[in-house]
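Chemist: For reference, the structure I am asking about is given below.
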Protein chains: 4
Amino acid sequence: MIIVMKLEATQADINNVEKELTNFGFDTHLIKGTNRLVIGAVGNPSLRENMPLERMAGVEKIVPIMKPFKLAGREMQPDNTVVEVKGIKIGGKEPVVVAGPCAVESREQLLEAAVGVKEAGASIIRGGAFKPRTSPYSFQGMEEEGLKILKEASELTGLPVVTEIIDERSTDLAKEYVDILQVGARNMQNFQLLKIVGQTGKPVILKRGMSATINEWLMAAEYVMSQGNYNIILCERGIRTFETATRNTLDLSAIPVVQSLSHLPIIADPSHASGSWKLVTPLARGAIACGAHGVMVEVHPNPKQALCDGRQSLSLENFKEMMQSLATIK
Amino acid sequence: MIIVMKLEATQADINNVEKELTNFGFDTHLIKGTNRLVIGAVGNPSLRENMPLERMAGVEKIVPIMKPFKLAGREMQPDNTVVEVKGIKIGGKEPVVVAGPCAVESREQLLEAAVGVKEAGASIIRGGAFKPRTSPYSFQGMEEEGLKILKEASELTGLPVVTEIIDERSTDLAKEYVDILQVGARNMQNFQLLKIVGQTGKPVILKRGMSATINEWLMAAEYVMSQGNYNIILCERGIRTFETATRNTLDLSAIPVVQSLSHLPIIADPSHASGSWKLVTPLARGAIACGAHGVMVEVHPNPKQALCDGRQSLSLENFKEMMQSLATIK
Amino acid sequence: MIIVMKLEATQADINNVEKELTNFGFDTHLIKGTNRLVIGAVGNPSLRENMPLERMAGVEKIVPIMKPFKLAGREMQPDNTVVEVKGIKIGGKEPVVVAGPCAVESREQLLEAAVGVKEAGASIIRGGAFKPRTSPYSFQGMEEEGLKILKEASELTGLPVVTEIIDERSTDLAKEYVDILQVGARNMQNFQLLKIVGQTGKPVILKRGMSATINEWLMAAEYVMSQGNYNIILCERGIRTFETATRNTLDLSAIPVVQSLSHLPIIADPSHASGSWKLVTPLARGAIACGAHGVMVEVHPNPKQALCDGRQSLSLENFKEMMQSLATIK
Amino acid sequence: MIIVMKLEATQADINNVEKELTNFGFDTHLIKGTNRLVIGAVGNPSLRENMPLERMAGVEKIVPIMKPFKLAGREMQPDNTVVEVKGIKIGGKEPVVVAGPCAVESREQLLEAAVGVKEAGASIIRGGAFKPRTSPYSFQGMEEEGLKILKEASELTGLPVVTEIIDERSTDLAKEYVDILQVGARNMQNFQLLKIVGQTGKPVILKRGMSATINEWLMAAEYVMSQGNYNIILCERGIRTFETATRNTLDLSAIPVVQSLSHLPIIADPSHASGSWKLVTPLARGAIACGAHGVMVEVHPNPKQALCDGRQSLSLENFKEMMQSLATIK
């Protein structure tokens, strides 16, 4: 790390900082600039957080040099991770499409959606059995009943299924029925949940938190990986900004930025980002053109009757058109 | 709610929307404006989320009229809630000060801090036993050992103690040792945890999520209250903005806004918001002057050796000065 | 507009609001909901801003119904505007590419860039003669000398040229030399400048302000159009968010949103949005795939020696690769 | 500055970067860390912007060390600047209150407001003669007629007056009539206007742009100061965030942060920040308690009839109460 000293720092201040650094096992290098002194400190950066150097007299600021993530970073693993589930590869050359309703509402609804999206070319089926809702008075999901239906959909279509988990109990249940576990945006920094899904060893779709920096998102992946589970698919789903014309602002720049920093596959969710079905196809096209390894979209056989998020769901007809439109992007 | 029709909506579109509203039990009122039609719909708004009216031909947008929160809202309970813990009243005329270290690091550290902040005038002692850290490689807290020390601090000083809980297990443990449970910013929309703390019946400090609107924050309170637990203290701790000079931007406007919308007490945490101990006293003064029912600040007997957040911790000396400075605001 | 009354509004409050509305020439329609009263007011909304109804007893909030923009809106002009300059059509089916250096630095540099980008397929040449710089100590542009070089580049290549103007004087000069005037992000709400470029009658590229909502951006276009100049090309160039991995966050959702609200053509500038040349091609691809009518990118014959924004400039080689990559998106 | 090299940088990469730095007159210092190399470069940082080092092979990122502002910074001038206008000191120990209507609407309105706010204790009178409005169809100000009325108000009360200027013409007019020129938030990065007000030599209230970082704001002050005009009063007026309960988010942390970085006085404008008169008094209290050198608020003798911003204007009665409330903060 680099310690920038204040213009008015005294020699005693400098000596004290050097001594503190040496005590913590750092080697120090002094660089005398035109106006101020800068100290380069070489050593174990994890010691850093226990050294509030900012509190020492004469210190202006600290600039960390090392990236905080290790397992998730491309530096230690230059080759792309490809997550493979039931023969579907996420992170390879072909983009994948994850599709299905926001929530499992009934056997009929999910199976109709599953068969429909498969026919149109989807690779993975999604459906929520546990729904984290902003209001305690909203529909909270079919729970284990929904998981059984998801499993049936997987058997019927031969495609893997993904569902969101929200705590230890739902994770324990879901891992018996589905192929991929999803950590939602609101739980991206629920570190206990990250450890729990890490321990299952199952592939994980890790959504970006609404106000998470790319660094924090990769640190959340690091939590899962620190438990030995490296099968992580990152999912950009919009960040919170001042713009209210869309529910969130899909940050497509995050796709190439993440790909330069990390080896993990990354997909985008234009349905939750935009909150409007009319914006889903243009944004899905944009995500694939930017280099995303896939997209995740909401599809409902009858969006007008959806128990959640009907306004952002594609109908099966809309979905077919989206798939045709995506095919033209090379 | 209000349904705004498009300029080009046909009579058939209008008839369809009216029919749909009538089917769901709404009374409709048509208002013909200069250019476009607006439909007022009177009925049970909770049905609304299952009616994706935005998808119907001719509909431009939907404007909800009712507030989504009920128990947390001032409309149903006009009088201020005062949460009382061991004789300390939060939400009354006198502002309270919650103080103590970020993390319980040792018996000596916590007891020294507890005695020190009590002497300087603090009303409640804080200390973290379970630490949700951005990095899996950081100190994660003393857990039950830390809870025991917090209890001892409470017995020694006679003051109530608060600690953050992060999942079901930590809640089950903490409720046996401490007086107030804290839900951290990253868990504000961990709805499972909100239900669990709701069921304990213990007073809860509910921090605002980093990117939570005031509406979402009150809906999180609603989750806790929907379990029958009305002892909630809201805590503004900074929101995420583009400004990087401070860790977050303390949103002091939220104090009077929340007080107009809700009867729940509200305090502010300038330590986490700013990330810098030098900003804590001016912002604590600002919060009290804005009408906050109290402040929560980090105090460490030896900030330079703190295992977490040392750069934002006040020393006991700093804390005494802050208390004197707060006393001049009437 | 809709006036939502408070739960506790009295009959006298309601009467007063109705009377005020009637005085200002509005027709009123009362809708009695389950809990509260809502008043629909039909009349001239421009009177609204002189009626601080929010101050009246019993009023909770006002919901405007009409869109604030008229000339820029699609409602009054359903067909797409196509801006044509020297035979180049912006807003038609074929996306256009505007390319060239951040600043005109010398005759040699600009002509080399102009010929190079034309050969690779660009339709319009850009180059800054007046540079609005964050620091007063930075290079501020070649001014009229630069405009002459831009004109020469246009004559040499047969392509139209665009340059940014920053005040009345630079507009007066530029309109004699270039084909398109650009209003930069920092001047999007410099209403005096908007009027001045409106009066020139020349085509205008209007960049979105860093923190401008889509509504405000369209209102800025309305300013230009209110002077009788309808040749406006909107340009999304990134909005300010908490994410620091990119300079700004390119808001590609704005492309389809603007296209639904307005008939004006819209392009995207991935160079300024990202601040990094490595992100330009993926984001340009994303913009075109989302439906943008074109992109504007920075190209420098020798980016390492650029006097401004070298880190985000493509070399001519990079630009050729981008053009090939864009050609594959249909 | 510090150049952080990539993990995989080769010796040739390092040599090239060193050579480039040496060519530009920098001294280089190599620090070999555990994993990667860091180069400290000592020299004239203004050369930096012409060196796109980020484009060189092996370079990961550049960390600037020097602050970009000089004249506005506290390093070069440790003592607080006190701006004195007609005997009123801004930046001293006593907070000042600037008050008056959003716009000058008539002689009667302004004089009534001026006399009223003086009686209640205001130190400076404000009133807009040129109004930058989001809509071209809104009231744009009384212009020179308004300036004459402002001058009369100053003569009547003996207090200095301030008005916003929006371009060269309005500046030329206003400087003949008023004591202080105001640069509005939307013009904070209208660098031409900053130079023009710099050249007048008159005291300037410089509002923070809605999405301006504190650094950019101080650089805007630097523009004015670079013309030899050091009489600058900074004014925090809210930044744009995702929260919609208030018009903007008043960033009170900016008060102590600016005071640590700069010697210039700083005041706050709770009227524009919040957009609601009910929030003005609590936020004005908060600003003074945080250490602001004053506040600027909108006061209208009859807010219900205000031609602009009536919903955020205090009545004279409200203003008196605010003044009494501010007096209790020490």
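Chemist: Can you tell me which of B:61, B:89, B:118, B:70 is among the basic types (Lys, Arg) and assigned to a loop (DSSP other than H, G, I, E, B)? So that I can check it myself, show each step before the final result.
Modeler: Details: B:61 fails: assigned to a loop (DSSP other than H, G, I, E, B); B:89 fails: assigned to a loop (DSSP other than H, G, I, E, B); B:118 fails: assigned to a loop (DSSP other than H, G, I, E, B).
After applying the criteria, what remains is B:70.
Chemist: Separate question: For region D:59-77: of the residues being within 21 Å of residue D:227 (Cβ to Cβ) and in contact with a helix residue (DSSP H, G or I) (Cβ under 8 Å, 6 or more places away or on another chain), which is surrounded by the most Cβ atoms within 10 Å (Cβ to Cβ)?
Modeler: Here the residue is D:72.
Chemist: Would you confirm whether or not region C:304-321 contains a residue that is among the basic types (Lys, Arg) and either modelled with pLDDT of 95 or more or at positive phi (or both)? Walk me through it before giving the result.
Modeler: Taking region C:304-321 first, the residues among the basic types (Lys, Arg) are C:304, C:311, C:320.
In the following step, the residues that additionally are either modelled with pLDDT of 95 or more or at positive phi (or both) were identified as C:320.
Among the residues of region C:304-321, at least one is among the basic types (Lys, Arg) and either modelled with pLDDT of 95 or more or at positive phi (or both), which makes the answer yes.
Chemist: Among the residues of region B:213-258, write down those that are β-branched (Val, Ile, Thr) and at pLDDT below 95.
Modeler: Step one: list which residues in region B:213-258 are β-branched (Val, Ile, Thr), which gives B:213-214, B:224, B:232-233, B:239, B:241, B:244, B:246, B:249, B:255, B:257-258.
Of everything in region B:213-258, just one residue is β-branched (Val, Ile, Thr) and at pLDDT below 95, namely B:244.
Chemist: If you scan region A:174-224, which residues turn out to be among the charged types (D, E, K, R) and touching a strand residue (DSSP E or B) at 6+ places or on another chain (Cβ under 6 Å)? I'd like the intermediate steps shown before the answer.
Modeler: Our first condition is that a residue be among the charged types (D, E, K, R); within region A:174-224, this holds for A:175-176, A:179, A:186, A:195, A:202, A:207-208, A:216, A:222.
Residues satisfying the conditions are A:179, A:202, A:207, A:208.
Chemist: Look at residue C:193 and say whether it is assigned to a helix (DSSP H, G or I) and surrounded by 24 or more Cβ atoms within 10 Å (Cβ to Cβ). Full working, then the answer.
Modeler: Working: assigned to a helix (DSSP H, G or I): yes; surrounded by 24 or more Cβ atoms within 10 Å (Cβ to Cβ): yes.
In short, yes.
Chemist: Then there's this: Any residue at all in region D:134-157 that's among the aromatic types (Phe, Trp, Tyr), in the same structural domain as residue D:187 (by TED's automatic domain parsing) and over 24 Å from the mean Cα position of the chain (by Cα)?
Modeler: Within region D:134-157, one or more residues are among the aromatic types (Phe, Trp, Tyr), in the same structural domain as residue D:187 (by TED's automatic domain parsing) and over 24 Å from the mean Cα position of the chain (by Cα).
Chemist: Of all residues in region C:165-181, which are of a type in the set (S, T, N, Q) and free of Cβ contacts under 8 Å to residues at least 40 places away in the same chain? Spell out the reasoning first.
Modeler: Of region C:165-181, the ones of a type in the set (S, T, N, Q) are C:170-171.
Hit for region C:165-181 is C:171, nothing else.
Chemist: Within the bounds of region B:196-206, is there any residue that is modelled with pLDDT of 95 or more, in a helix (DSSP H, G or I), more than 14 Å from chain A (Cβ to nearest Cβ) and under 23 Å from residue B:81 (Cβ atoms)?
Modeler: yes
Chemist: Of all residues in region A:215-246, which are more than 25 Å from residue A:85 (Cβ to Cβ) and surrounded by 23 or more Cβ atoms within 10 Å (Cβ to Cβ)? Spell out how you get there, then give the answer.
Modeler: Step one: of region A:215-246, the residues more than 25 Å from residue A:85 (Cβ to Cβ) are A:215-216, A:239-246.
If the condition is that a residue be more than 25 Å from residue A:85 (Cβ to Cβ) and surrounded by 23 or more Cβ atoms within 10 Å (Cβ to Cβ), then A:239, A:240, A:241, A:242, A:243 are the ones that fit.
Chemist: Please state which one of C:32, C:19, C:6, C:61 is under 38 Å from the mean Cα position of the chain (by Cα), among the charged types (D, E, K, R) and modelled with pLDDT of 85 or more. Please lay out each step first, then the result.
Modeler: On the way: C:32 fails: under 38 Å from the mean Cα position of the chain (by Cα); C:19 fails: under 38 Å from the mean Cα position of the chain (by Cα); C:6 fails: under 38 Å from the mean Cα position of the chain (by Cα).
The match here is C:61.
Chemist: In region D:121-148, how many residues are part of a loop (DSSP other than H, G, I, E, B) and modelled with pLDDT of 90 or more?
Modeler: Taking region D:121-148 first, the residues part of a loop (DSSP other than H, G, I, E, B) are D:121-123, D:127, D:129-143.
From what's left, modelled with pLDDT of 90 or more: D:121-123, D:127, D:129-130, D:141-143.
The qualifying residues number 9.
Chemist: Here is a check on your reading of the model: is residue C:22 over 30 Å from residue C:260 (Cα atoms), in contact with a strand residue (DSSP E or B) (Cβ under 6 Å, 6 or more places away or on another chain), surrounded by fewer than 19 Cβ atoms within 10 Å (Cβ to Cβ) and not assigned by TED's automatic domain parsing to the domain that holds residue C:96?
Modeler: Values: over 30 Å from residue C:260 (Cα atoms): yes; in contact with a strand residue (DSSP E or B) (Cβ under 6 Å, 6 or more places away or on another chain): no; surrounded by fewer than 19 Cβ atoms within 10 Å (Cβ to Cβ): yes; not assigned by TED's automatic domain parsing to the domain that holds residue C:96: yes.
In short, no.
Chemist: In the set A:250, A:181, which member is within 12 Å of another protein chain (Cβ to nearest Cβ), buried (at least 23 other Cβ atoms within 10 Å of the Cβ) and touching a Pro at 6+ places or on another chain (Cβ under 8 Å)?
Modeler: A:250
Chemist: Collect the residues in region C:301-330 that are within 14 Å of chain D (Cβ to nearest Cβ), free of Cβ contacts under 8 Å to residues at least 40 places away in the same chain and charged (D, E, K, R), keeping them in residue-number order.
Modeler: C:304, C:311, C:317
Chemist: Which of (1) over 28 Å from residue D:278 (Cα atoms); (2) in a loop (DSSP other than H, G, I, E, B) is the odd one out, the single condition residue B:211 does not satisfy?
Modeler: With (1) over 28 Å from residue D:278 (Cα atoms); (2) in a loop (DSSP other than H, G, I, E, B) applied to residue B:211, the lone miss is (1).
Chemist: Still on this structure, I have one more. Could you tell me which residue of region C:158-190 is farthest from the chain's Cα centre (by Cα), considering only residues that are of a type outside the set (D, E, K, R), assigned to a loop (DSSP other than H, G, I, E, B) and farther than 15 Å from residue C:102 by Cβ? Steps first, answer last, please.
Modeler: Of region C:158-190, the ones of a type outside the set (D, E, K, R) are C:158-163, C:165-166, C:170-171, C:173-174, C:177-178, C:180-185, C:187-190.
After this cut, where a residue has to be assigned to a loop (DSSP other than H, G, I, E, B) as well, the list is C:158-160, C:166, C:178, C:184, C:188-190.
Narrowing the set further to residues that are farther than 15 Å from residue C:102 by Cβ leaves C:158-160, C:178, C:188-190.
Working: C:158: 26, C:159: 22, C:160: 19, C:178: 19, C:188: 7, C:189: 11, C:190: 13 Å.
Once the filter is applied, the top-ranked residue is C:158.
Chemist: I've got another one for you. Return a yes/no flag: does region A:289-300 have any residue that is buried (at least 24 other Cβ atoms within 10 Å of the Cβ) and facing chain C (nearest Cβ under 7 Å).
Modeler: Yes, some residue in region A:289-300 is buried (at least 24 other Cβ atoms within 10 Å of the Cβ) and facing chain C (nearest Cβ under 7 Å).
Chemist: May I ask you to list the residues in region A:225-240 that are facing chain B (nearest Cβ under 9 Å) and either outside any strand (DSSP E or B) or without any contact (Cβ under 8 Å) to a residue 24 or more places away in the chain (or both)?
Modeler: So the first thing to find is which residues in region A:225-240 are facing chain B (nearest Cβ under 9 Å), and the list is A:225-227, A:239-240.
Passing the criteria: A:225, A:226, A:227, A:240.
Chemist: Next question. Given the residues A:129, A:221, which is the only one that is more than 17 Å from residue B:132 (Cβ to Cβ), among the small types (Gly, Ala, Ser) and touching a residue at least 40 places away in the same chain (Cβ under 8 Å)? I'd like the intermediate steps shown before the answer.
Modeler: Working: A:221 fails: more than 17 Å from residue B:132 (Cβ to Cβ).
Only one candidate qualifies: A:129.
Chemist: For residue A:283, are the conditions met, namely being surrounded by 24 or more Cβ atoms within 10 Å (Cβ to Cβ) and either in contact with a His (Cβ under 7 Å, 6 or more places away or on another chain) or under 14 Å from residue B:54 (Cα atoms) (or both)? Outline the logic, then answer.
Modeler: Numbers: surrounded by 24 or more Cβ atoms within 10 Å (Cβ to Cβ): yes; either in contact with a His (Cβ under 7 Å, 6 or more places away or on another chain) or under 14 Å from residue B:54 (Cα atoms) (or both): no.
No; evaluated as a whole, the condition is false for this residue.
Chemist: Quick check on region B:320-327. Is at least one of its residues part of a strand (DSSP E or B), aliphatic (A, V, I, L, M) and buried (at least 22 other Cβ atoms within 10 Å of the Cβ)?
Modeler: So the first thing to find is which residues in region B:320-327 are part of a strand (DSSP E or B), and the list is none.
For region B:320-327, residues part of a strand (DSSP E or B), aliphatic (A, V, I, L, M) and buried (at least 22 other Cβ atoms within 10 Å of the Cβ): absent.
Chemist: Quick check, is residue A:273 under 17 Å from residue C:253 (Cα atoms), outside any helix (DSSP H, G or I) and at pLDDT 95 or above? Spell out how you get there, then give the answer.
Modeler: Values: under 17 Å from residue C:253 (Cα atoms): yes; outside any helix (DSSP H, G or I): no; at pLDDT 95 or above: yes.
It is false that residue A:273 is under 17 Å from residue C:253 (Cα atoms), outside any helix (DSSP H, G or I) and at pLDDT 95 or above.
Chemist: Whether any residue in region C:58-69 is away from chain D (no Cβ under 11 Å), farther than 30 Å from residue C:233 by Cβ and of a type outside the set (Asp, Glu) is what I want to check.
Modeler: Yes: region C:58-69 contains one or more residues that are away from chain D (no Cβ under 11 Å), farther than 30 Å from residue C:233 by Cβ and of a type outside the set (Asp, Glu).
Chemist: Filter region C:81-130 down to residues that are hydroxyl-bearing (Ser, Thr, Tyr) and more than 21 Å from residue C:144 (Cα to Cα) and give me whichever is surrounded by the fewest Cβ atoms within 10 Å (Cβ to Cβ). If you could, list the steps in order and put the result at the bottom.
Modeler: Of region C:81-130, the ones hydroxyl-bearing (Ser, Thr, Tyr) are C:81, C:106, C:123.
Imposing the further condition that a residue be more than 21 Å from residue C:144 (Cα to Cα) reduces the set to C:81, C:123.
Details: C:81: 17, C:123: 21.
Per the stated criteria, the residue is C:81.
Chemist: Hey, could you check region A:257-270 for residues that are buried (at least 24 other Cβ atoms within 10 Å of the Cβ) and under 30 Å from residue D:239 (Cβ atoms) and say which is farthest from the other protein chains (Cβ to nearest Cβ)? It would help to see each step written out before you state the result.
Modeler: Filtering region A:257-270 down to residues buried (at least 24 other Cβ atoms within 10 Å of the Cβ) leaves A:258, A:262, A:264-270.
Adding the requirement that they be under 30 Å from residue D:239 (Cβ atoms) leaves A:258, A:268-270.
On the way: A:258: 9, A:268: 10, A:269: 13, A:270: 8 Å.
Ranking the candidates gives A:269 first.
Let's see how each residue does on (1) over 27 Å from residue C:186 (Cα atoms); (2) at pLDDT below 95:
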residue: D:151; (1), (2): yes, no
residue: D:156; (1), (2): yes, no
residue: D:160; (1), (2): yes, no
residue: D:174; (1), (2): no, no
residue: D:181; (1), (2): no, no
residue: D:184; (1), (2): no, no
residue: D:192; (1), (2): no, yes
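Chemist: Right, something else. For region A:279-307, what are the residues that are of a type outside the set (A, V, I, L, M) and more than 22 Å from the chain's Cα centre (by Cα)? Working first, answer last.
Modeler: Our first condition is that a residue be of a type outside the set (A, V, I, L, M); within region A:279-307, this holds for A:281-282, A:285-286, A:290-291, A:293-294, A:298, A:300-305.
Passing the criteria: A:300, A:301, A:302, A:303, A:304, A:305.
Chemist: Same structure, new question: Looking at B:57, B:113, B:103 in this structure, which one is more than 22 Å from residue B:293 (Cβ to Cβ) and in contact with an Asp or Glu (Cβ under 6 Å, 6 or more places away or on another chain)? Step through it out loud before you land on a result.
Modeler: Values: B:113 fails: in contact with an Asp or Glu (Cβ under 6 Å, 6 or more places away or on another chain); B:103 fails: in contact with an Asp or Glu (Cβ under 6 Å, 6 or more places away or on another chain).
From the options B:57, B:113, B:103, the qualifying one is B:57.
The values are calculated or read from the model by the stated rules, or taken from the named source; none is laboratory data. A quick note: this is a predicted structure, and the numbers were derived from the prediction, not measured. Cβ: placed from backbone, ideal geometry, glycine included. Neighbour counts: every protein chain shown.
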